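Please read the structure below before turning to the comments.
The values are calculated or read from the model by the stated rules, or taken from the named source; none is laboratory data. Small disclaimer: the values here were computed from a predicted structure and weren't measured. Positions of Cβ are generated from backbone atoms using ideal geometry, with glycine treated the same way; all protein chains shown enter the neighbour counts. Accessible surface is based on the protein model in full, side chains and every heavy atom, while ligands, DNA and RNA are left aside. Shrake-Rupley method; radii C 1.70, N 1.55, O 1.52, S 1.80 Å.
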Amino acid sequence: MLGPMLTATSLLGMAHIASAAAVSSTTGGTIFVSSYNSKVTTLNIGGSSSKSGVPKLSTVAESTGCGESPSWLTLDKPKGLLYCVDENIVTGGGNLASLRTKADGSLEALNLVKCAVGPVSIALYGKDNHGLAVAHYGGSAFSTWDATDPAHLVNIQTETFKMTKPPADPPRQPAPRPHETYLDPTNKFIVVPDLGTDELRLYAIGGDGASLTTTKLDSVAAPAGSGPRHVAFVKRAGRTFMYLVTELSSQIVGYEVTYPAAGKIAFKQLWVMGAHGWDKPTPKQAYASEIVISPDSRFAIVSSRNENSFKIPNFDPTNSTQLQSDPLINFRIDDGGGLTAIQEVAAGGSYPRQFSINKAGTLLGVGLQLDNRVALVKRDPASGKLGGFAGYAQLGGQITSVIFNE
């Protein structure tokens, strides 16, 4: 889940500057950040002036309502609800939490319930997004929850997986490792990449996507030893494609997605390439992590960890020591679902475990896990180019997710 061992208590396995007009549209608003310091932090995007030229983001509020080790955040903006999972990396176990978002940026804890071990991802599903689908890396499980009453989360099902064949990479694949839950564009199917078994587990949502019940479908095999981590979908020229980022082999796998019959989804593997594209080898020590599609469906952005391929000025103006940074790799998407690498930029530090993009396409919010840092990377929505920093914050624990409050 995290690549190599990060701490003694961690789970194993684990340029172009945007135009002035684009930058001006990014001011204001807040982001939510989860970290292993037991806090969910609300940061002001606007930030304050800094001698380094990169604004320092101010803390608006902090919440401990997610438990010991918050590992993932999912926002239901229309309802003013934030859902969080607690990975419990120190004491073991797992929790699922619901919090209400307030206009001032603070969070009100509503419910905290025990769940299967090691939860790392949440997806909203079903009618009015009343369902929560959770991937449990540490517990080799998939669970669903009824959040009709967010103050009273109710478990619908918990399925625990077993190994059915010897793993390709025994040290990193000792058990099934579900790493994410993700809905397809029709909102009728849930995809669960399993790092431990090299497959995509699939579930159909009942009631043509409107129910909270799910039915298990046949899994889709991924390349042996690849370690499926995260996925993203895109629709281009009337066709649907999905990209799988693999952690162990640091690759991107392209699929075409079709719907052969009611309640059915099919995946045709089109190609496999390195996380840096067709023409650049991926360092052996790298661990690809996240993939995000731009709001206009023209670009895909991938993060890679443990490369230290960039040196950037220190965000602290009193410190002249340069910082090492892992990369963000920017791809253009063609109508056939192909990806062409167009640039690489500094992510803002070490181990960009997760990142997200705002709806305007002008900012990336990047969680730099090993630097305990959040960085806002500028983006020009017209050209799709990345480059430069719009803000940063140093927090008190390893950053696990960053999402925009929108």
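Restricting region 311-329 to residues that are surrounded by 19 or more Cβ atoms within 10 Å (Cβ to Cβ) and not aliphatic (A, V, I, L, M) leaves a set whose member that is modelled with the lowest pLDDT is Phe315.
The residue list Pro166, Pro178 contains one member that is open to solvent by less than 10 Å² (accessible area, probe 1.4 Å), within 24 Å of Leu248 (Cα to Cα) and either in contact with a helix residue (DSSP H, G or I) (Cβ under 7 Å, 6 or more places away or on another chain) or modelled with pLDDT of 95 or more (or both), which is Pro178. In this structure, is Thr144 of a type in the set (Val, Ile, Thr), open to solvent by 50 Å² or more (accessible area, probe 1.4 Å), touching a strand residue (DSSP E or B) at 6+ places or on another chain (Cβ under 6 Å) and farther than 16 Å from Phe32 by Cβ? It is false that Thr144 is of a type in the set (Val, Ile, Thr), open to solvent by 50 Å² or more (accessible area, probe 1.4 Å), touching a strand residue (DSSP E or B) at 6+ places or on another chain (Cβ under 6 Å) and farther than 16 Å from Phe32 by Cβ. If I filter region 6-28 for residues that are modelled with pLDDT of 50 or more and surrounded by 15 or more Cβ atoms within 10 Å (Cβ to Cβ), do I get at least one hit? No, every residue in region 6-28 fails to be modelled with pLDDT of 50 or more and surrounded by 15 or more Cβ atoms within 10 Å (Cβ to Cβ). Pairs are defined by a Cβ separation below 7 Å, a sequence spacing of at least 6 or placement on different chains, a first member in region 192-210 that is polar (S, T, N, Q), and a second member that is surrounded by fewer than 24 Cβ atoms within 10 Å (Cβ to Cβ); the pairs so defined are Thr197/Met163.
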